[in-house]
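Written below as structure tokens is the structure these notes are about.
The values are calculated or read from the model by the stated rules, or taken from the named source; none is laboratory data. Note that the structure is predicted; figures quoted are calculated from it, not measured. Cβ sites come from the backbone with ideal geometry, for glycine too, and all protein chains shown count toward neighbours.
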């Protein structure tokens, strides 16, 4: 009898896999190298910071032992812990402290008098524990004898452990956790205002036939070219106590929420405008024709056609603006007054109090809204389907004198707001002594005699911007190429994709602080880059990685995979293809990435504030430091230098792109 | 093939090359690396004067504000980069001493210094150079505009007429701010000090991050009265600002600017030479250009735009109290004054 073989015994049919070529393996190696870069520049530092936020300090009373001699010989050894148990002097939460905590030894002797003849012996048994006699540190485990007069000067130092104490302390300190509410309030309010204003502006640009559209577009992009501190400084000159038009505030104080929101609207406006303009530009004219033939009112058309068509754009813009405002540090620092916000708290904890652990805790708190915005954005991006089908007809605005006039005046008001902030900065920078001597001079440009690093910092900033543009563009473009063009290695590719998206969710302050913890560890073999230009470049590239990556991916997606297929059938290695075809075709996007990185490297403050060293002081940081020291006019002067540099970079970019388009993109025209 | 692969590594090589250059730059062996918080504009002059006597030692300044330098030194505790800390606030040096970060050394000529200017240990860990003193910067033009009399004492500042016209540094981020707070606690006692600050808080327009800003804001007329330090006020006055530098009659807080050798330096000999030099008469005369009070007995001459007799206003400052109670004082201050959610109305 023949038996049917069970499934187990059957040999499975071989799975046919596409053979990975030598090229693919080589590409995988490159991808892993760039993934490794992202791990070192992003994942490891964040992990180091997370663990720092759990590093706590507490007084370990069991490790301190006393003997007392009241003139009748030494008493039995008794630990501070035992005394505390019997006398109930300190509650457990009073033993928790920060690494800089101090606890007087006399706390454990309620009847202590420094005039008494009593002598005290003290020793500490902790491995890394210590106590101070005045300011002298004792870290050994021997007995030390002190007279009462000296004993009163003894303080215990805490020892390190791990736990949730820092978080508990954070949420039980109203001054700290109130910042969460403040940050959310400012961010939401600024988002609402910016998105509404930008929508109106974009609507006017897209749907009217008003004049000067090109000029308005240009003016609206100005805020991208300046550090976020600059609008703060401008607002001081406009609305401060000596401001030109402070009457417009009706006695309200510019230092606080009003100033932060006004400045936030200024610096996030172009970001919102770009997204909303794109969303409005893809609307389908046929829908409007349908609305007209259905006799829908203009109002109804607006709400049933325009807004739904732009909804993803609006949502996307809101998320971007929210994220920019809540993670921004420069503006609330300059004009926030007593109004505490999360990003400034990190700075205050780290620089003001040298409390790195609490800085890490606030960073983790700030990470939550930023992460949530990031997840929401990803979700929106996925839902967004192509609205522009091949049969769509682009909307063509028709002239309407009344509507055009309204649009023109609205855009003029917004443009005036933007220009006036820039112009007032330049004016204040040239005035000799505001407001007492309004003669013009260049004294405020004498940066070398002020805090912040002087003219050298300006040179450093340009160096950083160029290096970031050069190295960043290379790393980003090849990373994107590997993700986009490689075959197989699905898991590696998707994890790389995740790593590349992550920087968008990490606030600059958080990244910078994480870098201190990771790179300043002497055990880290990469420690030597701490305090150099290299770490600034690495940090800046990483901070702005996501947008650059997406730009590169979009450009590469436009190129048919057939190019790779043809190349391999012609037995040409991929790098030859990259050099001869891909890079030239993608040149406009590559240039876009480099100008994006350049401009951001010039203006960023938050990512580098903890990382610059005196040799690598930066212009944007100098703006902050000079303002901090009260040299507001020189700060405005330096801010304007950054602005002009970015304008120049933009012009060069425009020129080169034009030239290149002629040379490499000739194939696009027939 | 191999050659072309190598070409692809150019990216990586670039990064490595940049790092190498950076590493190379920061590790020249003949220099003394000195961390300092002294005003940037004075540093080249100080280095030039030092090199007149010691041309063989090249000073490499690393300068930033006190808070940042202190944070930096603490962050580098296990991996020290500095050979010396020079011109840093005394309370910062007390923190470093408590962390065991300083190398005690008794410089030559120490007997010429006023004993309150150096660490009381037999071999002192830190040596003072000069002192900077708290002061009220009063803008005469804005004061007149707002009908404000010039204040004469700390308690004057709590009068209702100054409401919203006073600005001071936040002690949680500024050494000058802490100096003020600790001096009030020493002058008026623990209870009286907090009562004073409660009253003062009602008049404060806002607290600034840095210690020099209140005076510069007063100089710019942004606020009539700034609580800051005298040196800053004198400089602003010299630049033409309509301000008066006022010492409160109850007494004023002050802070030492001091220097110390960092433990673990491999250039101990040069560092000691530098320490010897920082307390020479010549160096002290140099500090006296800007600071009215210097450590060397009998050197100090009055400084332009400073009120006379600074010494008589200076309180008997207990640095140990300030250092060992700092954390507690700052937490209390934050609880009382930093948790206001709304900005102050004027």
Per the filter on region B:274-326, residues in contact with a strand residue (DSSP E or B) (Cβ under 7 Å, 6 or more places away or on another chain), free of Cβ contacts under 8 Å to residues at least 24 places away in the same chain and within 30 Å of residue B:83 (Cα to Cα) are B:300, B:324
With modelled with pLDDT of 80 or more and under 29 Å from residue A:371 (Cα atoms) as the only criterion, which of A:32, A:83 stands out? A:32
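A quick yes/no check of all residues on (1) under 29 Å from residue B:168 (Cα atoms); (2) touching a residue at least 24 places away in the same chain (Cβ under 8 Å); (3) in the same structural domain as residue A:515 (by TED's automatic domain parsing):
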site: A:615; (1), (2), (3): no, yes, yes
site: A:629; (1), (2), (3): yes, yes, no
site: A:634; (1), (2), (3): yes, yes, no
site: A:645; (1), (2), (3): no, yes, no
site: A:651; (1), (2), (3): no, no, no
site: A:654; (1), (2), (3): no, no, no
site: A:657; (1), (2), (3): no, yes, no
Is it the case that residue A:524 is in contact with a helix residue (DSSP H, G or I) (Cβ under 7 Å, 6 or more places away or on another chain) and at the interface with chain B (Cβ under 9 Å from one of its Cβ atoms)? no
Can we say residue B:56 is modelled with pLDDT of 80 or more, farther than 23 Å from residue A:611 by Cα and not in a helix (DSSP H, G or I)? yes
Name the single residue, out of those in region B:213-223 being part of a loop (DSSP other than H, G, I, E, B) and in contact with a strand residue (DSSP E or B) (Cβ under 6 Å, 6 or more places away or on another chain), that is surrounded by the fewest Cβ atoms within 10 Å (Cβ to Cβ). B:221
Matching residues in region B:238-250 - criterion: being surrounded by fewer than 20 Cβ atoms within 10 Å (Cβ to Cβ), more than 10 Å from chain A (Cβ to nearest Cβ) and assigned to a loop (DSSP other than H, G, I, E, B): B:249, B:250
Considering region B:77-98, residues that are more than 7 Å from chain A (Cβ to nearest Cβ) and assigned to a loop (DSSP other than H, G, I, E, B), and then whichever is nearest to residue B:295 (Cα to Cα), we arrive at B:83
Just one of A:245, A:233, A:260 is over 15 Å from residue B:205 (Cα atoms), out of contact with any strand residue (DSSP E or B) (no Cβ under 8 Å at 6 or more places or on another chain), away from chain B (no Cβ under 11 Å) and buried (at least 24 other Cβ atoms within 10 Å of the Cβ); which is it? A:233
I need the full set of residues from region B:270-285 which are under 30 Å from residue B:244 (Cβ atoms) and surrounded by fewer than 20 Cβ atoms within 10 Å (Cβ to Cβ), in order please. B:285
With respect to residue A:544, determine if the residue is over 20 Å from residue A:30 (Cα atoms), buried (at least 20 other Cβ atoms within 10 Å of the Cβ), within 14 Å of chain B (Cβ to nearest Cβ) and under 20 Å from the mean Cα position of the chain (by Cα). no
With the structure loaded, tell me whether residue B:76 is outside the structural domain of residue B:210 (by TED's automatic domain parsing), at pLDDT 90 or above and at negative phi or whether it fails that test. no
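A quick yes/no check of all residues on (1) within 12 Å of another protein chain (Cβ to nearest Cβ); (2) farther than 30 Å from residue A:266 by Cβ; (3) at pLDDT below 90:
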position	(1), (2), (3)
A:113	no, yes, yes
A:135	yes, yes, yes
A:160	no, yes, yes
A:165	no, yes, yes
A:198	no, no, no
A:201	no, no, no
A:205	no, no, no
A:209	no, no, no
Over region A:556-581, the set of residues in contact (Cβ under 8 Å) with a residue 40 or more places away in the chain and away from chain B (no Cβ under 14 Å) is A:556, A:557, A:561, A:564, A:568
Checked against (1) out of contact with any strand residue (DSSP E or B) (no Cβ under 7 Å at 6 or more places or on another chain); (2) in a helix (DSSP H, G or I); (3) under 23 Å from residue A:183 (Cα atoms), residue A:403 satisfies every condition except (3)
Just for helices (runs of 4 or more DSSP H) wholly inside region A:273-337: which have at least 3 residues that are more than 14 Å from chain B (Cβ to nearest Cβ) and buried (at least 21 other Cβ atoms within 10 Å of the Cβ)? A:307-327
Does residue B:260 qualify as being within 27 Å of residue A:352 (Cα to Cα), assigned by TED's automatic domain parsing to the domain that holds residue B:225 and surrounded by 20 or more Cβ atoms within 10 Å (Cβ to Cβ)? no
Exception for residue B:226 within (1) at pLDDT below 90; (2) surrounded by 18 or more Cβ atoms within 10 Å (Cβ to Cβ) falls at (1)
So which of A:398, A:402 ends up being free of Cβ contacts under 8 Å to residues at least 12 places away in the same chain and over 27 Å from residue B:238 (Cβ atoms)? A:402
Scan (1) within 12 Å of chain B (Cβ to nearest Cβ); (2) touching a residue at least 40 places away in the same chain (Cβ under 8 Å) for the single condition residue A:443 breaks and write down its number. (2)
